[in-house]
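The values are calculated or read from the model by the stated rules, or taken from the named source; none is laboratory data. Since the structure is predicted, the reported quantities are computational estimates derived from the model, not experimental observations. So basically every Cβ, Gly included, is an ideal-geometry build from the backbone, and we count neighbours across all protein chains shown.
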Amino acid sequence: MSAIDTTQAGRSLPTGTWRLDPVHSSIGFEVAYMVGTFRGSFREVDGTLVVDENGAALTGTARVASVDVKDENLAAHLTSPEFFDAERQPELRFVSTEVDGAGELAIRGEITIKGVTRPVELTGTATAPTTDPYGNERFGLELTTTVDRTDFGLDWNVPLPSGEPALANEVTLVAELYFVKEA
């Protein structure tokens with residue numbers, strides 16, 4: 001972990017070891033497709049955030065085979081070698097290298113998609129911690145970033161009659177993360 005300023009909009013990121021609540025969290029993607037925006041998400045996600053006097057570190061994974069879209073044939077195409085190649089590359093991974101909470105929350109790190117690792121910066125907000133009805137301390141992060149899918153070998157496309165590609169290269173990744181403090 002790197003030494004950092006963990007204040008965010010006058011608040012501190014809560015100290016402790018925090019496990020991702022996969023039931024309430026979502027990691028999704030949005031990409032321009034023909035005349036609109038295509039969205040999907042991953043149902044099986046895991047992650048940990050550790051915040052202590054030395055700084056903060058966020059790690060997370062999503063199982064490719066858990067991709068969730070509105071059509072099972074499309075889901076099969078997304079897990080095929082033309083897209084994520086779930087058989088050879090079963091997970092997406094993020095590991096932070098720096099967390100900066102001064103002003104807008106910025107988490108820099110490396111994301112691995114289809115076996116290719118690239119630097120990325122996630123930006124967003126953190127909620128204040130709260131205690132749930134069962135006595136567990138929780139807080140949330142909402143983070144986004146944009147990547148070029150072709151940087152990760154996700155090159156599939158089909159031309160429209162106009163000659164333009166049907167699928168944009170720029171993809172927005174959206175993470176709504178709920179964390180529960182470990183005892």
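As a summary of the residue check, Asp132 satisfies the conditions (1) surrounded by 17 or more Cβ atoms within 10 Å (Cβ to Cβ); (2) of a type in the set (D, E, K, R); (3) closer than 16 Å to Arg19 by Cα except for the one numbered (1). The residue that is farthest from the chain's Cα centre (by Cα), among those in region 35-56 that are surrounded by 13 or more Cβ atoms within 10 Å (Cβ to Cβ) and at pLDDT below 95, is Gly55. Among the residues of region 167-183, those that are in a strand (DSSP E or B) and of a type outside the set (A, V, I, L, M) comprise Asn169, Glu170, Thr172, Glu176, Tyr178, Phe179, Lys181. Of the conditions (1) outside any loop (DSSP other than H, G, I, E, B); (2) surrounded by fewer than 14 Cβ atoms within 10 Å (Cβ to Cβ), Val95 clears all except one; give me its number. Here Val95 clears every test but (2).
Per the conditions (1) surrounded by fewer than 19 Cβ atoms within 10 Å (Cβ to Cβ); (2) in a loop (DSSP other than H, G, I, E, B), the sole criterion not satisfied by Phe84 is (1).
Note on region 98-114: among residues that are more than 18 Å from Leu177 (Cα to Cα), modelled with pLDDT of 95 or more and not charged (D, E, K, R), the one that is surrounded by the most Cβ atoms within 10 Å (Cβ to Cβ) is Ile113. If the condition is being outside any loop (DSSP other than H, G, I, E, B) and surrounded by 11 or more Cβ atoms within 10 Å (Cβ to Cβ), then region 154-166 contributes only Pro165.
Exactly one residue out of Arg118, Arg138, Arg149 is exposed (fewer than 14 other Cβ atoms within 10 Å of the Cβ) and within 22 Å of Ser26 (Cα to Cα): that is Arg118.
Counting only residues that are among the aliphatic types (A, V, I, L, M) and farther than 25 Å from Val158 by Cβ, region 44-85 holds 8 of them.
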